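The values are calculated or read from the model by the stated rules, or taken from the named source; none is laboratory data. A quick note: this is a predicted structure, and the numbers were derived from the prediction, not measured. So basically every Cβ, Gly included, is an ideal-geometry build from the backbone, and we count neighbours across all protein chains shown. Accessible surface areas use protein heavy atoms only, side chains included; no ligands, DNA or RNA. Shrake-Rupley method; radii C 1.70, N 1.55, O 1.52, S 1.80 Å.
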Amino acid sequence: AATPDRLAGLLADADGLVHATPTGMAAHPGLPLPAELLHPGLWVAEVVYRPLETELLRVARAAGCAVLDGGGMAGFQAADAFRLFTGREPDSARMLADIGELAEKSAGQVV
């Protein structure tokens, strides 16, 4: 975590960025930081899962970054919650597949 005035220097030397704010969600569009701070040596992981393809991921991919969407975070969070609430072992692979399917169906929709 850093204040905005330190981001340029920190990201210039960083290997990765984990984005964990609501910026980029359907109700909060936009980028959480200036696009020019992204560079090809950076990987970008997103926790936003609605939509899976956020503006940050599009811009990062275009800048040559390796990217990871928030679908895995949402799926494994759901699996852990299911386990805690029911005491039963969830089918994590099925949950991840369902998230992917839901994302495809809602692509382009603001929900």
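General remarks:
- Å² per residue, accessible surface of the chain at 1.4 Å: 64
- Value of relative contact order over the chain, rounded to a whole percent, pairs C-alpha under 8 Å and six or more apart: 21
- Sequence-ordered 3J(HN,Hα) estimates for the range 13-23 from the Karplus curve with 6.51, -1.76 and 1.60 and θ = phi - 60° stand at 9, 7, 9, x, 9, 10, 9, 9, 10, x, 4 Hz, glycine and proline given as x.
- Highest-MSF residue in the chain out of H19, H39, H28 [GNM, Cα springs under 10 Å]: H28
- Kirkwood hydrodynamic radius (C-alpha pairs) into Stokes-Einstein, the range 26-111, 10 °C and 1.306 mPa s, D in µm²/s: 112
- Rounded to whole Hz, the Karplus (6.51, -1.76, 1.60) HN-Hα couplings of the range 47-58, x for glycine and proline: 9, 5, 10, 9, x, 5, 9, 8, 4, 4, 5, 4
- Proximity of backbone amide H atoms, modeled 1.01 Å from N, is registered between V44 and L17, A66, V67, L68 at under 5 Å, excluding neighbours fewer than 5 places apart on the same chain.
- Fraction of accessible area attributable to carbon and sulfur, the chain (%, probe 1.4 Å): 59
- Evaluated with a Cβ-only charge set (Lys, Arg +1; Asp, Glu -1), the chain carries a dipole of roughly 180 debye about its Cα centre, given to the nearest 20.
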